[in-house]
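Asks: The structure is given below, and queries will be raised subsequently.
The values are calculated or read from the model by the stated rules, or taken from the named source; none is laboratory data. These numbers were taken from a predicted model, which means no experiment stands behind them. Cβ placement follows ideal geometry from the backbone for every residue including glycine, while neighbour counts extend to all protein chains displayed.
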Amino acid sequence: MKHKDKLTGVVRFERRRNQKHIRIRVKPNEVIVSGPSRVSDGELQGFLDEKRDWVQENLHKLNARKEQVKSLNRFDEGFLLYDGEWVPVDIIQNAPQTRFELEKGRFKIEISKYEKPGVSLYTWLYSNWAVQHIGKRLIAKAKEFNFSFHKVTIRSQRTKWGSCSSKGNINLNWRLIKCPRFVQDYIYVHELCHLRHMNHSPEFWALVDSLYPRRHEAERWLKQNGPVAFQNP
């Protein structure tokens, strides 16, 4: 159940069968209060009221981080993040057709007179361009380490870089194209290793580390720069 709270914004109450205690999770767009299946709305609200100062403090931190990340996006300055580098962008309006390409170290975006320039269009163009490259890079990495998967799908995910199903289907986030190659390679290897271990067991991590020694370096980059890479475009 969702409702509006004057001080914390959108609040969602959840019940979970296996949960023993009431918990609060603070997200950018909502606060989630969850508890055991028999807990009442009043009890959840009471717990939220007790923790209101803590919730507001964490909302403030999240919003501050959001603004900081937003300020690091250099698209308004004429750059797109590609392979871990900020690449200059040339935008040409009223072109014969809409195109997106990389030429001599610069992105060239041509917008036809029938299209409306804006973040949505630029994001759509960049994501479609990225799809052409990410799948090929995964295939190359699979051949390098002798993995075989069923198919790869490139998606626009808001929280995940990739996933792998028990059927051998791999999903990858198009925003991987923004990460340095060594970070991309880590994600490819990570998901390929799930073809052998559908978990994050010690055996899984041992396999990842044996194939890709730069795992920790890649994870540090993602922790520090991932929020910027998730920005549009």
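Asks: So which residues in region 171-200 are in a strand (DSSP E or B) and surrounded by fewer than 24 Cβ atoms within 10 Å (Cβ to Cβ), if there are any at all?
Replies: Scanning region 171-200 gives a single hit, ASN171.
Asks: In region 96-104, is there at least one residue being without any contact (Cβ under 8 Å) to a residue 60 or more places away in the chain and either under 24 Å from LEU207 (Cα atoms) or among the small types (Gly, Ala, Ser) (or both)?
Replies: Within region 96-104, none of the residues are without any contact (Cβ under 8 Å) to a residue 60 or more places away in the chain and either under 24 Å from LEU207 (Cα atoms) or among the small types (Gly, Ala, Ser) (or both).
Asks: Same structure again: Out of the residues in region 187-224 that are more than 20 Å from PHE149 (Cα to Cα) and touching a residue at least 40 places away in the same chain (Cβ under 8 Å), which is nearest to the chain's Cα centre (by Cα)?
Replies: LEU222
Asks: Are there any pairs, at least 6 apart or on different chains, whose C-beta atoms fall under 8 Å, with the first in region 132-151 and loosely packed, with under 14 Cβ neighbours inside 10 Å and the second part of a helix (DSSP H, G or I), and if so, which?
Replies: SER148/ALA142
Asks: Name the single residue that is farthest from the chain's Cα centre (by Cα) among those in region 20-43 being surrounded by 13 or more Cβ atoms within 10 Å (Cβ to Cβ) and more than 23 Å from ASN58 (Cα to Cα).
Replies: Selected residue: VAL39.
Asks: Residues to consider are VAL131, VAL152; find the one that is assigned by TED's automatic domain parsing to the domain that holds LEU207 and assigned to a helix (DSSP H, G or I).
Replies: VAL131
Asks: Now for a different question. Any chance region 134-149 includes a residue that's outside any helix (DSSP H, G or I), more than 18 Å from GLN231 (Cα to Cα), of a type in the set (A, V, I, L, M) and at pLDDT 95 or above?
Replies: No; the residues of region 134-149 include none that is outside any helix (DSSP H, G or I), more than 18 Å from GLN231 (Cα to Cα), of a type in the set (A, V, I, L, M) and at pLDDT 95 or above.
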